[in-house]
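In what follows, a single structure is set out as structure tokens and then discussed.
The values are calculated or read from the model by the stated rules, or taken from the named source; none is laboratory data. Note that the coordinates shown come from a computational prediction; the quantities given were computed from them, not determined experimentally. As a convention, Cβ positions derive from the backbone with ideal geometry for all residues, glycine included, and neighbour counts pool all protein chains shown.
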Amino acid sequence: MADRVLVVEDLKVFYNEFQALFGVSLEVAAGETVAILGANGAGKTTLLNTIAGVLAPRRGKVVYRGDPVSGSPAYRLCRRGISMVPEGRRIFPSLTVEENLEVGAYSGRRGPWQREAIYNLFPILRERARVPGTELSGGEQQMLAIGRALMSNPDLILMDEISLGLAPLVVQELYKVVRAVAERRYRQFVEAGLAETALPLGVLHSSLVVGDGAVPSHVRDQLRGAGTLEEIPREQRFALRLPLVTLFAGVASRSERDARCVHAVRDHGYTMRAVAQFLGVHYMTVSRALSRGEATLASSAVLDCET
């Protein structure tokens with residue numbers, strides 16, 4: 001791919017001993033807009049956080065503008081031109097709108113995105129410049145988060161769930177802004193929730209779908225018809241993947257449940273959130289069960305839960 005801004009090769013990322021990414025590879029060329037699509041817990045945010053330097057991969061590499069940057073801290077990558085709009089917006093509550101924007105300019109990179117340019121892009125932020133950032137509406141906070149990321153004048157923008165929890169009309173307006181930014185030849189790497197809106201707007205160049213059934217069939221058909229779709233089933237390494245109802249059938253004790261949690265995640269590719277939803281518990285309960293189960297299995301025979 002000519003003029004590659006970003007190359008991710010065989011990325012494997014873990015939270016302690018629990019694997020979240022299983023060999024993800026992708027490329028982003030200059031001027032491209034790429035969507036990462038997948039169900040909750042598929043690893044989309046983990047992928048973005050790894051590219052941004054928030055997480056370090058255990059295996060694989062991230063190459064930015066020809067230089068390996070795997071494991072580099074986020075602040076250094078920001079100075080080099082990678083900026084992120086995080087899930088949940090992460091507005092600083094003690095700062096005003098104007099001050100939140102100025103934080104984005106801390107890297108000192110020069111470029112067109114100064115405070116006045118952000119106000120022209122989002123006029124409501126000018127009107128509320130002296131208001132604490134967390135007193136804005138959800139849509140306004142998302143505008144502020146995008147503006148803050150642009151203030152670092154990035155070459156590569158990572159956007160994580162920018163439509164999360166917003167009204168459809170607000171989402172439409174946000175994606176119009178995404179298109180406006182894309183047309184200024186900035187590189188964007190956009191996460192789940194973009195496909196149905198971005199495809200009609202004409203800003204999507206390629207997409208990577210993680211996991212079967214993660215995207216509605218009509219959206220897949222649109223992406224496939226536009227020649228933008230690449231599918232990498234997260235479960236491709238699990239040839240004998242069993243339903244959770246089968247995996248947890250007949251569980252009679254906590255230790256047995258812990259062991260089957262390990263099998264569900266490690267041997268069958270389910271995410272912790274998927275297991276938690278099936279069991280009707282918080283995903284941190286599953287995380288603790290995994291820790292206990294791994295310790296038990298390490299010192300005893302592995303439970304055969306497939307019979």
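Is it the case, given these coordinates, that Gly293 is at pLDDT below 75, part of a loop (DSSP other than H, G, I, E, B) and touching an Asp or Glu at 6+ places or on another chain (Cβ under 6 Å)?
Values: at pLDDT below 75: yes; part of a loop (DSSP other than H, G, I, E, B): no; touching an Asp or Glu at 6+ places or on another chain (Cβ under 6 Å): yes.
When the stated conditions are applied, Gly293 does not pass them.
Would you be able to say whether some residue in the range 179-196 is in the same structural domain as Gly108 (by TED's automatic domain parsing), of a type in the set (Ser, Thr, Tyr), within 18 Å of Gly139 (Cα to Cα) and at pLDDT below 65?
no
Any chance the range 276-287 includes a residue that's at pLDDT below 80 and surrounded by 12 or more Cβ atoms within 10 Å (Cβ to Cβ)? Break it down into steps so the answer makes sense when it comes.
Kept after step one, since they are at pLDDT below 80, are these residues of the range 276-287: 283.
Subset that is surrounded by 12 or more Cβ atoms within 10 Å (Cβ to Cβ): 283.
Yes, the conditions are met somewhere in the range 276-287.
Would you mind finding the one in Ser70, Ser94, Ser107 that is in a loop (DSSP other than H, G, I, E, B) and closer than 30 Å to Arg266 by Cβ?
Testing whether each residue is in a loop (DSSP other than H, G, I, E, B) and closer than 30 Å to Arg266 by Cβ leaves just Ser70.
Working carefully through the options Gly23, Gly66, find the one that is of a type outside the set (Lys, Arg), modelled with pLDDT under 90 and assigned by TED's automatic domain parsing to the domain that holds Ser152. Before you say what the answer is, go through the steps one by one.
Numbers: Gly66 fails: modelled with pLDDT under 90.
Exactly one residue qualifies, and that residue is Gly23.
Working only within the range 104-122, note down all residues that are surrounded by 14 or more Cβ atoms within 10 Å (Cβ to Cβ) and in contact (Cβ under 8 Å) with a residue 40 or more places away in the chain.
Of everything in the range 104-122, those that are surrounded by 14 or more Cβ atoms within 10 Å (Cβ to Cβ) and in contact (Cβ under 8 Å) with a residue 40 or more places away in the chain turn out to be Gly104, Ala105, Ser107, Arg109, Gly111, Trp113, Leu121, Phe122.
Looking at (1) under 14 Å from the mean Cα position of the chain (by Cα); (2) surrounded by fewer than 18 Cβ atoms within 10 Å (Cβ to Cβ), can you tell me which one Val63 breaks?
Among (1) under 14 Å from the mean Cα position of the chain (by Cα); (2) surrounded by fewer than 18 Cβ atoms within 10 Å (Cβ to Cβ), Val63 violates only (1).
Check Gly147, Gly165 and return the single one that is in contact with a helix residue (DSSP H, G or I) (Cβ under 7 Å, 6 or more places away or on another chain), at pLDDT below 90 and of a type in the set (Gly, Ala, Ser). Spell out how you get there, then give the answer.
Working: Gly147 fails: at pLDDT below 90.
The match here is Gly165.
Restricting attention to the range 66-80, and to residues there that are over 18 Å from the mean Cα position of the chain (by Cα) and closer than 30 Å to Glu135 by Cα, which single residue is surrounded by the most Cβ atoms within 10 Å (Cβ to Cβ)?
Here the answer is Arg79.
Part of a strand (DSSP E or B) and within 14 Å of the chain's Cα centre (by Cα): is that true of Ala20 in this structure? Walk me through it before giving the result.
Numbers: part of a strand (DSSP E or B): yes; within 14 Å of the chain's Cα centre (by Cα): yes.
Yes.
Would you please name the residue that is modelled with the lowest pLDDT, looking only at residues in the range 123-144 that are in a helix (DSSP H, G or I), charged (D, E, K, R) and surrounded by 14 or more Cβ atoms within 10 Å (Cβ to Cβ)?
Across the range 123-144, the extreme among qualifying residues is Glu140.
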